[in-house]
Amino acid sequence: MLCEEVLKNVFPLLEGEDLAACMGVCKQWRDIASDDFYWKCQCAKRWPSVCRRRKPPTETYYKMYQMFSKRRVSRVLPPPRLAFENLEFFIDIWSEDKLVFSGLIPGVTLDSGMKTLPLGISNVLRTHLGRPDYKMVVSAEPRFTIPLNQSVSVSLLVARNDSDKVARIINRSVFDYIDRSSYRALAFEYLDLSPYYPFISGIRAWISLLFLDVEDINEGLLDVFGIQLDFNDVADTKEEVLWLLDMLDWK
């Protein structure tokens with residue numbers, strides 16, 4: 001009996017994860033910890049306003065805590081409706097008004113990434129490109145250089161071979177940031193999504209120019225060997241990228 005009284009005084013002081021662990025100790029602990037009063041205390045810590053009701057908003061406070069206390073685990077996506085095999089990407093890069101790169105990149109090439117890294121890249125960039133996480137990187141062929149003292153901009157369109165439609169990803173955005181520690185120049189644009197998704201906004205597409213390691217990047221030109229497309233943390237797997245592309249405002 002003494003043990004039961006001790007538990008009843010200790011349980012309200014525990015955090016929800018610890019209280020849930022106590023329920024697995026033995027039948028006595030489970031019977032005591034199952035009292036919804038203790039879970040009302042847990043809910044009161046997170047959402048004090050729910051305790052203003054005479055009854056919990058759900059069947060029990062325990063059920064409410066179970067459903068909403070933890071961050072929802074990412075769900076498995078269904079197969080995307082797009083495929084890289086049916087996509088083509090058009091990348092154009094200007095230095096001031098001079099076109100320095102113009103490439104039609106098949107989707108499968110962008111999906112495959114850069115298999116062989118050139119000599120002369122920094123260790124930081126080599127480590128970044130060598131990580132196993134999903135990346136969309138293509139070689140800059142032909143190679144080109146950009147001057148540090150000029151404005152460099154980029155446009156990126158994507159076309160669907162299965163429906164003859166085109167969407168815009170980046171519209172003449174300027175590479176206004178040079179990450180000198182990782183040897184990348186970055187530009188971004190907010191995506192134009194279909195009107196079917198009116199409540200989704202603020203998603204940015206990023207283009208990175210990857211350049212070789214040089215002794216002094218404060219002078220001369222940047223020798224670009226690769227181009228990377230990404231959507232930051234919004235879409236960082238192949239399936240997520242394809243679903244995001246499917247949401248573009250295709251015309």
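When each of Asp213, Asp230, Asp164 is tested for being open to solvent by 60 Å² or more (accessible area, probe 1.4 Å) and closer than 30 Å to Trp250 by Cα, the lone residue that passes is Asp164. Pairing residues of region 171-189 that are in the same structural domain as Thr145 (by the TED database) and more than 25 Å from Gly120 (Cβ to Cβ) with residues that are part of a strand (DSSP E or B) and open to solvent by 70 Å² or more (accessible area, probe 1.4 Å), at Cβ distances under 8 Å and at least 6 apart in sequence or on separate chains, gives Phe188/Arg204; Glu189/Asn171; Glu189/Arg204.
Residues of region 132-156 being open to solvent by 70 Å² or more (accessible area, probe 1.4 Å) and closer than 18 Å to Asp92 by Cβ, which ones? Selection gives Glu141, Pro142, Arg143, Gln150. Checked against the criterion of being open to solvent by 40 Å² or more (accessible area, probe 1.4 Å) and assigned to a helix (DSSP H, G or I), the candidates Arg54, Arg30 yield just one match: Arg30.
Scanning region 109-123 for residues that are open to solvent by 30 Å² or more (accessible area, probe 1.4 Å), within 21 Å of the chain's Cα centre (by Cα) and either aliphatic (A, V, I, L, M) or farther than 20 Å from Val241 by Cβ (or both) gives a single hit, Met114. Can you tell me how many residues in region 167-180 are polar (S, T, N, Q) and open to solvent by 80 Å² or more (accessible area, probe 1.4 Å)? So the count comes out to 0. No other residue among Pro79, Pro48 is within 34 Å of the chain's Cα centre (by Cα), outside the structural domain of Ala185 (by the TED database), at pLDDT 85 or above and within 30 Å of Trp250 (Cβ to Cβ) apart from Pro79.
Taken as a whole, the condition of being of a type outside the set (Lys, Arg), surrounded by fewer than 19 Cβ atoms within 10 Å (Cβ to Cβ), assigned to a strand (DSSP E or B) and under 20 Å from the mean Cα position of the chain (by Cα) applies to Trp206. When you look at Leu104, is it loosely packed, with under 14 Cβ neighbours inside 10 Å, assigned to a strand (DSSP E or B) and either assigned by the TED database to the domain that holds Phe225 or free of Cβ contacts under 8 Å to residues at least 24 places away in the same chain (or both), yes or no? Answer is yes for this residue. Within region 80-101, the set of residues being exposed (fewer than 15 other Cβ atoms within 10 Å of the Cβ) and touching a Leu at 6+ places or on another chain (Cβ under 9 Å) comprises Arg81 only. I want to confirm something. Restricting to region 1-22 and keeping residues that are within 37 Å of the chain's Cα centre (by Cα) and not in a helix (DSSP H, G or I), which single residue is surrounded by the most Cβ atoms within 10 Å (Cβ to Cβ)? Filtering region 1-22 for residues that are within 37 Å of the chain's Cα centre (by Cα) and not in a helix (DSSP H, G or I), the one surrounded by the most Cβ atoms within 10 Å (Cβ to Cβ) comes out as Leu14.
The values are calculated or read from the model by the stated rules, or taken from the named source; none is laboratory data. Just so it is clear, the model here is predicted, and its values are computed rather than measured. Cβ sites come from the backbone with ideal geometry, for glycine too, and all protein chains shown count toward neighbours. These accessible areas exclude ligands, DNA and RNA; they are computed on the full protein's heavy atoms, side chains included. Shrake-Rupley method; radii C 1.70, N 1.55, O 1.52, S 1.80 Å.
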